[in-house]
Amino acid sequence: VFDNGNFVHDRFKKYLKEMGVLESVEVEVKDEELEVVGRYDARVKIKDELYIIDFKSINSDYVNEPMKHHVLQITYYMFLSGIKNGILLYEGKGNQNLYEFEIKYDEELIKEARSWFKKLKQYINYNRVPEIDPSYERNKYPCSWGKNKCGYWKYCYG
């Protein structure tokens, strides 16, 4: 499973390089205040505009919109990098169809993400387990999917 994701990343980076738009890959960004570190997959320059690109391989035959947590993630990367343009590039694992979504910088999403990180940091600082997101269902993703369970499932539901 992880090899497939790595192959997707390697292939996409190769294509971007061949197109002559690739500026850099695996760029680390940090939020020193909240002690958050992330890494986006690629930075490209298209028509004199910089874009952050994040690659995702997904278990879906069709994607009509990006997943909210992916939008939050790339928006946070935009916030930390100062680059206000983003692209989420999905590849369907079963059919290799590509789905591209341009993501615009959204200050409200930044507030939402920073609020979540601040709350999480408090749990870490006080050595407490975070509350379960009420939208999660114990037998559905991200808590459980197929034969797999989140590594912390037993702490939440066990």
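The values are calculated or read from the model by the stated rules, or taken from the named source; none is laboratory data. If you're wondering where the values come from, they're calculated on a predicted model, not measured in any experiment. Positions of Cβ are generated from backbone atoms using ideal geometry, with glycine treated the same way; all protein chains shown enter the neighbour counts. The protein model used for the area step is the full one, side chains on, heavy atoms only, and it has no ligands, DNA or RNA in it. Shrake-Rupley method; radii C 1.70, N 1.55, O 1.52, S 1.80 Å.
Details
- Only a single criterion out of (1) out of contact with any strand residue (DSSP E or B) (no Cβ under 9 Å at 6 or more places or on another chain); (2) touching a residue at least 12 places away in the same chain (Cβ under 8 Å) is not satisfied by residue 138, namely (1).
- Every residue from segment 27-44 that is in contact with a Lys or Arg (Cβ under 6 Å, 6 or more places away or on another chain) and open to solvent by 100 Å² or more (accessible area, probe 1.4 Å): 28
- Residues satisfying the stated conditions in segment 14-24, i.e. free of Cβ contacts under 8 Å to residues at least 24 places away in the same chain, open to solvent by 60 Å² or more (accessible area, probe 1.4 Å) and not in a helix (DSSP H, G or I): 20
- In segment 73-103, residue surrounded by the fewest Cβ atoms within 10 Å (Cβ to Cβ) [restricted to those that are assigned to a strand (DSSP E or B) and at pLDDT 95 or above]: 102
- Of all residues in segment 141-153, none satisfies being within 30 Å of residue 16 (Cα to Cα) and out of contact with any His (no Cβ under 7 Å at 6 or more places or on another chain).
- Any pair with Cβ under 9 angstrom, 6 or more apart, that starts in segment 112-126 at a residue that is touching a residue at least 12 places away in the same chain (Cβ under 8 Å) and among the hydrophobic types (A, V, I, L, M, F, W, C) and ends at one that is outside any helix (DSSP H, G or I) and open to solvent by 100 Å² or more (accessible area, probe 1.4 Å): 117/35
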